[in-house]
Amino acid sequence: LLTRHSQWHCGSASAIPTRGSKIPPFYPFRHGVQHNGRLKLLPFFLPPMAAAVTVALVAFLSAALPWPATEAAVGVNWGTVSAHRMPAPVVVELMRANGIAKVKLFDADAAVLRALAGSGVEVMVGIRNEALAGIAASPAAADAWVAQNVSRYYVGGGGGVDIRYIAVGNEPFLTSYQGQFQSYVLPAVTNIHQSLVKANLASYIKLVVPCNADAYQSASVPSQGIFRPDLVPIMTQLGAFLSSIGAPFVVNIYPFLSLYQNSDFPQDYAFFYGSSHPVVDGPNVYYNAFDGNFDTLVSALSKIGYGQLPIAIGEIGVPPVDVYLFSLLDEGQKSILPGNFERHWGIFSFDGQAKYPLNLGLGSPILKNAKDVPYLPPRWCVANPGQNLNNVGNHLQLACTMADCTTLYYGGLCNAIGDKGNISYAFNSYYQLQRQDAQSCDFDGLGMITYLDPSVGECRFLVGIDDSRVSAKSSYSGSPSRI
C-alpha cells in the first residue's frame with residue numbers, strides 16, 4: 001500500500017542513502033526523507049496486516065477517487081532489478097491480460113520498449129540521474145537521447161510505443177544526494193523539451209520530474225507546508241515550466257516505511273482506515289498521512305504561486321493524474337538496506353504469478369498469471385542428506401550473498417522450514433541464479449541435484465527463467481536504494 005514516508009518536519013531527520021532508501025523515523029509531523037515513490041503494495045511476506053491493507057487500498061482507489069469511468073486509472077511500475085527476468089513480451093502480455101493500460105519505466109530499455117510497441121499501453125520512460133549532467137550540458141546530447149529512446153519507438157496513431165511522459169531524473173533533489181544532481185535538472189528539462197519540439201513531439205509527450213517528499217516540509221500542520229529553502233528558486237522555475245506545458249508535479253509519498261522503521265508511528269494513520277487521533281489544521285481534519293502529505297505539498301506549491309498545478313503523488317496519483325502501483329514484479333537483486341521487503345513489492349512474483357487476491361477494477365475479478373514463461377528444466381539443488389552439514393556456513397554465506405534468501409528471514413514464507421530446509425533453499429537459489437550449472441550445486445559435496453520439487457507448503461523453491469533472450473543488463477527501479 002502507500003509507503004515511503006510523509007514529510008512534515010519536526011526537527012532534523014537523517015537520510016540513509018541506499019538505492020531508494022531514505023528512511024528516517026516518521027510521525028504525523030516529521031520530515032520524510034522518503035524512498036523512490038510509487039504506490040506500493042505491502043510485500044508478500046509482511047504480517048497478516050498486509051492483506052487487510054491491500055483490500056483497503058483497492059477500496060480507496062475504486063471508491064474514493066473520482067476516476068473517469070471510460071479510462072483505466074491503474075498502472076504499474078515495471079522495474080527489472082532481477083536475476084530472473086521474464087522476456088519483455090511475456091510481461092507485456094501479463095499486463096494486457098490484467099487490463100493494465102499504463103506503465104512507468106525507470107529508464108528506456110530497448111527490449112522493453114520493443115515489446116510495448118503496438119500494445120496500446122501508455123508509457124512513461126525515464127532518464128537516469130547519472131545522465132542528467134551530460135544532457136544538461138549539451139543540446140546535442142538531449143537530441144541524441146530523444147532520437148534513440150523516444151523518436152525511434154514513438155509512432156502516433158498506433159503501431160509504435162505510446163509514450164506519454166518522460167521522467168527527467170528520479171528524485172534528483174534528495175537531501176542524501178547533497179546537491180549532486182540539483183543544478184542539472186532544469187537545464188536537462190529545457191534541453192529535452194527543445195529536443196521534443198524539434199522532433200515535433202512536444203505536444204504529445206510531457207516532461208515530469210519525480211520528486212522525493214523531502215523536497216518540502218512543515219513546522220506543524222499541512223497549511224504551513226513550504227519547500228526546502230535551497231529548492232525554492234528551482235521549484236518556482238519548475239512550477240512555471242510544468243504549468244506552461246500542462247504537466248503535473250510528481251512527488252513520492254510512502255508512509256509504510258516510516259511505520260516499519262518507527263514502532264511509535266500510529267498504524268491507523270499510515271493507511272486509509274481512519275485515525276482515532278486525526279490531525280486538525282483549521283477547518284481541515286486529516287485522518288491519514290496520505291491526505292496530510294498531499295495538502296502539505298499543495299501549500300508549498302501555493303506559496304510559490306502554483307497551488308493549482310496538477311499533482312501526481314508518489315505516482316499513485318490523484319485526479320486527473322494516473323495511479324501507478326508499485327510494483328508489477330518482485331525484483332530479487334534490489335538492495336535490502338531499507339529492509340528485506342525491498343525485493344518483494346510485486347503484485348506478481350518474479351515469474352508473473354499473482355501473489356494477492358486483488359481486484360484492480362479493470363474488468364477481471366482476480367489477477368491473471370503470466371503465460372508461456374520460459375522456465376529452466378524442473379530440477380532443484382538441495383542439501384545432500386548423506387553429508388554432515390556442520391561446516392556449511394561459508395557455503396551459505398556465498399549462496400545468500402549472490403542469490404536472494406530473504407524469504408528465509410523473519411516474516412518470510414520460508415522462515416519455518418528448519419535448518420536443512422534453509423540450507424536447501426539457499427543452495428537452490430544460488431543454483432537457479434547460475435542457470436542450473438551442475439557445478440554450482442556441488443558446495444564441496446554438500447549439495448545434490450533433485451528432480452523432486454522440495455517446496456514445503458507455501459514455501460516455494462523456485463525454478464529459474466531461461467532468460468537467454470533477455471538483455472543481461474538490468475534496468476533499475478527507483479532512487480538510491482533501488483540502484
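The values are calculated or read from the model by the stated rules, or taken from the named source; none is laboratory data. Everything numeric in this text was worked out from a predicted model, so none of it was measured. Ideal geometry is used to build each Cβ from the backbone, glycine not excepted, and the neighbour counts take in all protein chains shown. Only protein heavy atoms, including side chains, enter the accessible area calculation; ligands, DNA and RNA are left aside. Shrake-Rupley method; radii C 1.70, N 1.55, O 1.52, S 1.80 Å.
In this structure, does residue 143 turn out to be over 19 Å from residue 241 (Cα atoms), touching a strand residue (DSSP E or B) at 6+ places or on another chain (Cβ under 9 Å) and of a type outside the set (Val, Ile, Thr)? No, not satisfied. Scanning the stretch 366-386 for residues that are in contact with a helix residue (DSSP H, G or I) (Cβ under 6 Å, 6 or more places away or on another chain), over 14 Å from residue 460 (Cβ atoms), surrounded by fewer than 19 Cβ atoms within 10 Å (Cβ to Cβ) and among the small types (Gly, Ala, Ser) turns up nothing. Evaluation of residue 424 against the conditions (1) without any contact (Cβ under 8 Å) to a residue 60 or more places away in the chain; (2) of a type outside the set (Phe, Trp, Tyr); (3) in contact with a helix residue (DSSP H, G or I) (Cβ under 9 Å, 6 or more places away or on another chain); (4) buried (at least 20 other Cβ atoms within 10 Å of the Cβ) shows that the sole unmet condition is (3).
Scanning the stretch 201-222 for residues that are part of a strand (DSSP E or B) and either open to solvent by less than 30 Å² (accessible area, probe 1.4 Å) or hydroxyl-bearing (Ser, Thr, Tyr) (or both) yields 207, 208, 211, 212, 216. Of everything listed in (1) closer than 27 Å to residue 336 by Cα; (2) crowded, with 19+ Cβ neighbours inside 10 Å, the single unmet condition for residue 111 is (2).
Residue by residue, here is whether (1) outside the structural domain of residue 330 (by the TED database); (2) more than 30 Å from residue 102 (Cα to Cα); (3) not hydrophobic (A, V, I, L, M, F, W, C) holds:
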| site | (1), (2), (3) |
| --- | --- |
| 357 | yes, no, yes |
| 362 | yes, no, no |
| 368 | yes, no, yes |
| 395 | yes, yes, yes |
| 403 | yes, yes, no |
| 408 | yes, yes, no |
| 426 | yes, yes, no |
| 434 | yes, yes, yes |
| 454 | yes, yes, yes |
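Restricting attention to the stretch 84-114, the residues being without any contact (Cβ under 8 Å) to a residue 40 or more places away in the chain, out of contact with any strand residue (DSSP E or B) (no Cβ under 9 Å at 6 or more places or on another chain) and of a type in the set (A, V, I, L, M, F, W, C) number 0.
Does the stretch 390-407 hold any residues that are in contact with a Lys or Arg (Cβ under 9 Å, 6 or more places away or on another chain) and more than 22 Å from residue 333 (Cβ to Cβ), and which are they?
None - no residue of the stretch 390-407 is in contact with a Lys or Arg (Cβ under 9 Å, 6 or more places away or on another chain) and more than 22 Å from residue 333 (Cβ to Cβ), so the list stays empty.
All conditions but one from (1) within 29 Å of residue 278 (Cβ to Cβ); (2) open to solvent by 10 Å² or more (accessible area, probe 1.4 Å) apply to residue 251; the one that does not is (2).
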